[in-house]
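Structure record follows, encoded as structure tokens.
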Amino acid sequence: MENFPYNLGPIRKDGTTLLENFYEKGSVCFKDFQETWNKLSFYYIFCLGGAGIGENLHKSKVVEMLLGVGLEWMCDEGREVQGRVGGLYLLYAVYFVQPCDPKVHIRLVVPNFMTIRHFHEQLRKEKLSDADYALSRLKGEDAFFICCKPRLLTLETWNDMCSQMELKKLMSQWQSNPILSIKESVEEALEQYHKRKQDLSMTLPPHLLHPPALPSQLESLRAQLSQDS
């Protein structure tokens, strides 16, 4: 797949800013969320890339990032209900106005699925009708996919994940004791060097391991020339 030409960090920041601004309103009504969305001209976030072959794939990454932000807020049981409702409204708005065809679905791992079930029960218990409708409609439109991973795994994303895991492992070792890590690396390299040298000594012929001194070679050559003459 063609590499995505934009940095997704600002996209995530914009999604978070939208939710924070909605949270400051102290409301759980979708109308107030819509006002916040329009005030920030949030729909223009889908205008990245323009038109052309492959642009739908670029837009899908933007949608996937925003859905991830909304899901993160909604499934955070440590947040107040208002913040979680904001995450739900972001899921609802992004899913139904996204320009992608086919639509990018909301990927759920099993723990998130159970969290959403409990959250829906809470919405109905507290009679939050706007949020109840939004979540019910998402369910009715099969917007959620139950998956083993929150991200779509391709060869590209798998390589990225492996590289990030290896980098985190190295950084953890470095942060725990950077001087010791350098010392161990040097000692390991020296050990491999000496082992390789020993292995070579068992396979190379003696005259390569212990070549005669150059003066001795010259004297031997002179003696041979004298005899020949």
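Of these, 63, 69, which one is buried (at least 21 other Cβ atoms within 10 Å of the Cβ), in contact with a Pro (Cβ under 9 Å, 6 or more places away or on another chain) and either within 17 Å of residue 145 (Cα to Cα) or in contact (Cβ under 8 Å) with a residue 40 or more places away in the chain (or both)?
Values: 69 fails: in contact with a Pro (Cβ under 9 Å, 6 or more places away or on another chain).
On inspection, the qualifying residue turns out to be 63.
Surrounded by 17 or more Cβ atoms within 10 Å (Cβ to Cβ), in contact with a Lys or Arg (Cβ under 9 Å, 6 or more places away or on another chain), touching a residue at least 24 places away in the same chain (Cβ under 8 Å) and among the charged types (D, E, K, R): is that true of residue 77 in this structure? Explain how you work it out, then say what you get.
Values: surrounded by 17 or more Cβ atoms within 10 Å (Cβ to Cβ): no; in contact with a Lys or Arg (Cβ under 9 Å, 6 or more places away or on another chain): yes; touching a residue at least 24 places away in the same chain (Cβ under 8 Å): yes; among the charged types (D, E, K, R): yes.
For residue 77, the condition - surrounded by 17 or more Cβ atoms within 10 Å (Cβ to Cβ), in contact with a Lys or Arg (Cβ under 9 Å, 6 or more places away or on another chain), touching a residue at least 24 places away in the same chain (Cβ under 8 Å) and among the charged types (D, E, K, R) - is not met.
Can you name the residue in the range 1-19 that is closer than 13 Å to residue 63 by Cα and of a type in the set (A, V, I, L, M) and is also modelled with the lowest pLDDT among such residues?
8
Of all residues being touching a residue at least 12 places away in the same chain (Cβ under 8 Å), over 23 Å from the mean Cα position of the chain (by Cα) and open to solvent by 30 Å² or more (accessible area, probe 1.4 Å) in the range 97-117, which is nearest to residue 136 (Cα to Cα)? Just the residue, please.
97
The values are calculated or read from the model by the stated rules, or taken from the named source; none is laboratory data. Nothing here was measured: the structure is a model prediction, and the numbers come from that model. Using ideal geometry, Cβ is built from the backbone for each residue, glycine included, and neighbour counts are taken over all protein chains shown. Each accessible area value is taken on the protein alone, full model and side chains, heavy atoms only, with ligands, DNA and RNA left out. Shrake-Rupley method; radii C 1.70, N 1.55, O 1.52, S 1.80 Å.
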